[in-house]
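Report on the following structure.
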Amino acid sequence: MDKFLEQFLGTTDTLGFGVSYLIAVIGALIMLRFEASKRDKASKNTPYAFNPWFLLKDNLIRIFTSLLLIYVGIRFSDLIFGSEITFYTALVIGASLDKISEWLKNISARK
């Protein structure tokens, strides 16, 4: 099992990977919250007041995609950045991969 975790996580430091992943998720959630503040409050499809449960339900696919992309970003961060991941890098990964996911979705929707 230890060998599997080392291969799956790309490191023997499972605690470091877990904390980096959690920080990246926080970054993605911050970006999701910023997007929610831009919503049309007058729309019939959204509640007037901020509702975290509606935010989660309405963005479930986006959140799932971000969670997968965050794993990939952290798992291969040493190859992407050329060095071990820091907690700041994890935060940037979480925030940027959420935006990249939305950008890719918009590109694929245009075709």
- Message: Which residue, Gly18, Ala109, Leu79, has the largest displacement toward the positive end of the dipole of the range 12-110 when charges sit on each Cβ (Lys, Arg +1; Asp, Glu -1)?
- Response: Ala109
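Just to be sure I understand the rule: take each whole DSSP H helix in the chain, project its Cα atoms onto its long axis, keep it if the span is 15 Å or more and its mean Kyte-Doolittle hydropathy is at least 1.0. Which ones pass? Walk me through the intermediate numbers first.
Numbers: long enough: 14-36 (33 Å, 1.65); 60-75 (23 Å, 1.75); 87-110 (35 Å, 0.37).
Span-like helices, by this rule, are 14-36, 60-75.
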- Message: Can you list residues from other chains, or at least 5 along the same chain, whose modelled amide H is less than 5 Å from the amide H of Asn59?
- Response: none
- Query: Looking at the range 1-49, which trypsin sites (Lys or Arg not before Pro) are DSSP coil and have at most 16 other C-beta atoms within 10 Å of their C-beta?
  - Reply: Lys38, Arg39, Lys41, Lys44
- Within 10 Å, count the other beta carbons around each residue, average over each peptide in 64-71, 90-97, 77-84, and list them highest first. 90-97, 64-71, 77-84
- For 50-58, 12-20, ranked highest to lowest by mean beta-carbon neighbours within 10 Å, the order is 12-20, 50-58
- aspartates and glutamates with Cα under 16 Å of Lys44, excluding same-chain neighbours fewer than 8 positions away: Asp58
- Query: Taking the structure as given and computing Rg and Dmax of the Cα atoms in Å, which label from (i) 22.6, 78; (ii) 14.5, 51; (iii) 16.1, 53 fits?
  - Reply: (iii)
- Item | Proximal lysines to Lys3, defined as alpha-carbon separation beneath 27 angstrom and excluding residues fewer than eight positions away on the same chain | none
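A short reminder: the numbers here are calculations on the coordinates, not readings from a lab. Note that the structure is a prediction, hence the values are computed from the model and not measured. Don't worry about glycine lacking a Cβ; one is built from the backbone with ideal geometry, like all the others, and counts go over all protein chains shown.
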